[in-house]
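Following: one structure in C-alpha cells, then a few remarks.
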Amino acid sequence: MEFVQWALEKAVEHPDLAGAIVTADGESLDVLLPDGRAFRFRPGVFIAEDAPEVQRAELLYRLISIGVEQAKAPMFDDATGHIGEDASAAASASGDAEALIDLDDRHLHVPEPAPILDANPTIVPIVRSADYFVNSHRGEDSMIYVPLTDFVGVGLALDNPDAAQPIYYSQMEQVPSDVGALLAESVNALRRVVGYQRVSVDLGLSRISGADVVTFLAPENYELSWFCDVEMMIQVAQRLRERHPDDIPLFVPAARTKFYVVFSEDPHLVDFFTILLTQRRSSEAVYPLPHTVTADGWKEWVPFADSKLAQVLGALRGSFRQAIYAQQVRALSSWGDFGELKSYIPRRLHSGQRVSATEWNAMDVRGSIPDTDFISFIREPSPHPWENSNGVRITIRSHIAREIWPQGIMRDSTAWPPRWNVQGFPDEATLAQLAQSADREF
C-alpha cells in the first residue's frame with residue numbers, strides 16, 4: 001500500500017495529468033483526464049518496489065504517458081438525460097477518481113484590465129468565489145460581477161485562445177450593452193460553445209472515493225460556468241431526479257474547471273467531501289460545498305448537524321468562508337474608514353459540531369461583523385478601583401443577539417459577502433437579556 005501511495009503522489013506531478021483526476025484503488029491507479037478520457041493501470045506489475053526511486057519515477061512517468069495516449073474516449077450526456085452507448089463502459093473504466101489538484105496555499109491572482117481589441121468579442125461567464133471578485137477592485141474600478149450566492153459570483157470574460165480575460169467596468173465604454181444584457185448573452189454564448197447549433201450540456205459519469213459523481217465536461221476551462229445558468233441547471237436536476245428519485249442532486253462548485261453533482265443519499269459522500277477538504281488550499285478551488293437549485297436560485301445544502309458528513313462540510317465551510325471574509329476585510333480596509341472590521345472565526349463545539357463565530361468588544365465604537373453562527377460580546381473589567389465595571393463575556397447565537405438588540409446590529413445592505421453593521425455596545429439591561437438567552441437555539 002505504501003508503494004501505491006508513492007505512485008499516486010508522483011503521478012499527480014506528471015505534466016500530462018495537469019487538471020486530471022487521479023486516485024488509488026487497491027493496487028491500481030485510476031486516471032480521469034480533463035477531456036473525459038480515462039485509464040487504469042497497476043504500477044506494481046511493471047515497477048520493482050525496491051528499485052532506486054529515480055528509476056521507479058522514470059518508469060512510472062513512461063507508463064502514464066502511454067496511458068494518456070491510449071486512454072478511452074469520453075462519455076457524454078445532454079440536458080435530456082440521454083447517455084451515449086459507450087457511457088456505461090467508460091464510467092466503469094474511470095473507476096474511483098479523486099480530484100487531486102495542487103495543494104499550494106490558496107491565493108488569488110487577479111489580472112489587470114486589458115484593452116478589448118476584437119470588435120466583436122465572444123463574452124463568456126466565469127464563476128469564482130467572492131474573494132476573487134472583491135480582490136479585483138482597483139480604486140473605483142473592478143471586474144464586472146454579480147453575486148450568485150453569498151459566497152459565489154459570476155463575472156464576464158473575453159474568450160481568448162490562451163486564457164479568459166476578465167472584463168472591468170472601465171472597459172464598458174468599449175462594449176455597446178448594459179451589464180444585464182451582457183450577462184444574458186454570455187450564458188447564451190456558453191450554451192452555443194458546447195452545443196454549436198443546439199442547447200446541450202456534456203456530462204460524464206464517474207466514481208470519486210466510491211461516490212457516484214456526475215461531472216461537467218465542457219466547454220474546456222469553462223466547466224464551472226454552468227453554475228450561473230440556473231435555468232439549465234434546473235433541467236439537469238430534473239433529469240437526474242428521474243434517475244435517482246429518492247435523492248436530491250447536489251451541485252458542487254469545486255474548482256475553476258471542476259463542477260460536480262453528487263446525491264444526498266450516497267453512502268460515500270463523507271469520503272467524497274473529505275477529498276475536497278484535503279484540497280482546500282488549492283489555488284484552483286472555488287467553493288466546494290453542496291448546493292440545491294430552484295427557480296429562486298442556489299441554496300447551500302446542510303445535512304443533519306450530528307452527522308459525520310456535517311462535520312466534514314463544516315470544516316470545508318469554515319475554511320473557505322474564513323478565507324473569503326479575510327479578503328473582504330483587507331479590501332474594505334483599503335477602501336475607507338468602515339470602523340472595526342471583525343473576522344470570521346471557525347469554531348468547534350464540545351459536541352463536535354463545527355460552527356462560526358465573531359467577537360464584538362466594548363471598546364469597539366462602530367464597525368461590522370461577518371455573518372456567523374455565534375457572536376461574543378466582550379468587556380474587560382475596569383483597571384480603575386473607582387469604576388464599578390465588571391468583566392463581560394457572553395457568547396450567543398447571532399440570530400438571537402439580533403433579535404434582542406436590533407437597534408445595535410443591522411444588516412449592511414451593500415456588503416457582499418454579507419455583513420452586519422454594529423453600533424456601540426449593549427447596555428446593562430440588554431447584556432442581562434443576552435446572558436439569559438445564551439443557551440437558546442431558536
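The values are calculated or read from the model by the stated rules, or taken from the named source; none is laboratory data. None of these values were measured; they are calculated from a predicted model. Note: ideal-geometry Cβ built from the backbone for every residue, glycine included; neighbour counts use all protein chains shown. In case anyone asks, the SASA skips ligands and DNA or RNA and just uses the protein heavy atoms, side chains included. Shrake-Rupley method; radii C 1.70, N 1.55, O 1.52, S 1.80 Å.
Starting from the stretch 281-352, pick out the chymotrypsin sites (Phe, Trp or Tyr not before Pro) whose DSSP state is loop and whose Cβ has at most 12 other Cβ atoms within 10 Å. Don't skip to the answer; put the middle values down first.
Values: sites: Trp298, Trp301, Phe304, Phe320, Tyr325, Trp335, Phe338, Tyr344; in loops: Trp301, Phe304, Phe338, Tyr344.
Qualifying residues, ordered by number: Phe304.
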The stretch 18-59 pair-distance distribution - Cα-Cα, 10 Å bins, rounded %: 27, 44, 27, 2
Ranking by accessible area, most exposed first, for Asp412, Asp427 with a 1.4 Å probe: Asp427, Asp412
Computed label-point distance, nm, for sites Gln407 and Asn361 using a 7 Å Cα→Cβ extension: 2.6
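Between Lys308 and Val45, what is 0.36 nm times their sequence separation minus the Cα-Cα distance? Round to one decimal in nm.
Length gained between Lys308 and Val45: 91.0 nm.
Out of the total accessible area of the stretch 1-72 (probe 1.4 Å, heavy atoms of protein only), what percent is carbon and sulfur? Display every interim value, and only then the final one.
On the way: 1970 of 3920 Å².
Taking all protein chains in place, the stretch 1-72 shows 50 percent carbon and sulfur surface.
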Where a label projected 7 Å from the Cα of Gln322 along Cα→Cβ would reach, residues of the stretch 335-351 with amide N under 13 Å: 343-349
Pairwise FRET efficiency - Ala415 versus Trp301, Cβ, R0 = 35 Å, nearest 0.05: 0.90
Per residue, in Å², the accessible surface of the chain once ligands and nucleic acids are set aside, probe 1.4 Å: 49
Per-residue SASA entry for Glu13, accessible area with 1.4 Å probe, Å² rounded to 10: 110
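Relative to the present Cα-Cα distance, how much length would full extension add between Glu185 and Ala438 at 0.36 nm per residue of separation? If you can, show how the numbers build up before the last one.
Working: separation 253, 0.36 × 253 = 91.08 nm, distance 4.99 nm.
Length gained between Glu185 and Ala438: 86.1 nm.
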Arg317 - accessible surface, heavy atoms, 1.4 Å probe, Å² rounded to 10: 40
Heavy atoms of Arg241: accessible area, 1.4 Å probe, square angstrom to 10: 100
Evaluated at q = 0.10, 0.11, 0.18, 0.22 Å⁻¹: base-10 log I(q)/I(0), Debye formula over Cα of the stretch 281-406: -0.43, -0.52, -1.15, -1.36
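Using r as the Cβ-Cβ distance of Val68 and Ser343, and R0 as 35 Å, what FRET efficiency do you calculate, to the nearest 0.05?
On the way: r = 44 Å, r/R0 = 1.26.
Efficiency, rounded to the nearest 0.05: 0.20.
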Geometric extent, Cα atoms of the stretch 386-432 - Rg, Dmax (angstrom): 13.0, 44
The chain: projected area of the alpha-carbon convex hull, averaged over directions, in nm²: 26.3
The stretch 215-293 - Rg and Dmax from Cα coordinates, angstrom: 12.5, 36
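So if I place +1 on the C-beta of Lys and Arg and -1 on the C-beta of Asp and Glu, and nothing else carries charge, what would the dipole magnitude of the chain be about its Cα centre? I want it in debye, nearest 20.
760
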Estimated distance in nm for a label pair at Val146 and Thr430, the labels positioned 7 Å out from Cα along Cα-to-Cβ: 3.7
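So how do His268, His291 rank on accessible area, 1.4 Å probe, biggest first, that is with the largest at the start? Mind showing how you got there, number by number?
Values: His268 70, His291 5 Å².
My answer, sorted largest first, is His268, His291.
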Tail weight of P(r) past 15 Å, computed on alpha-carbon pairs of the stretch 160-254, percent: 69
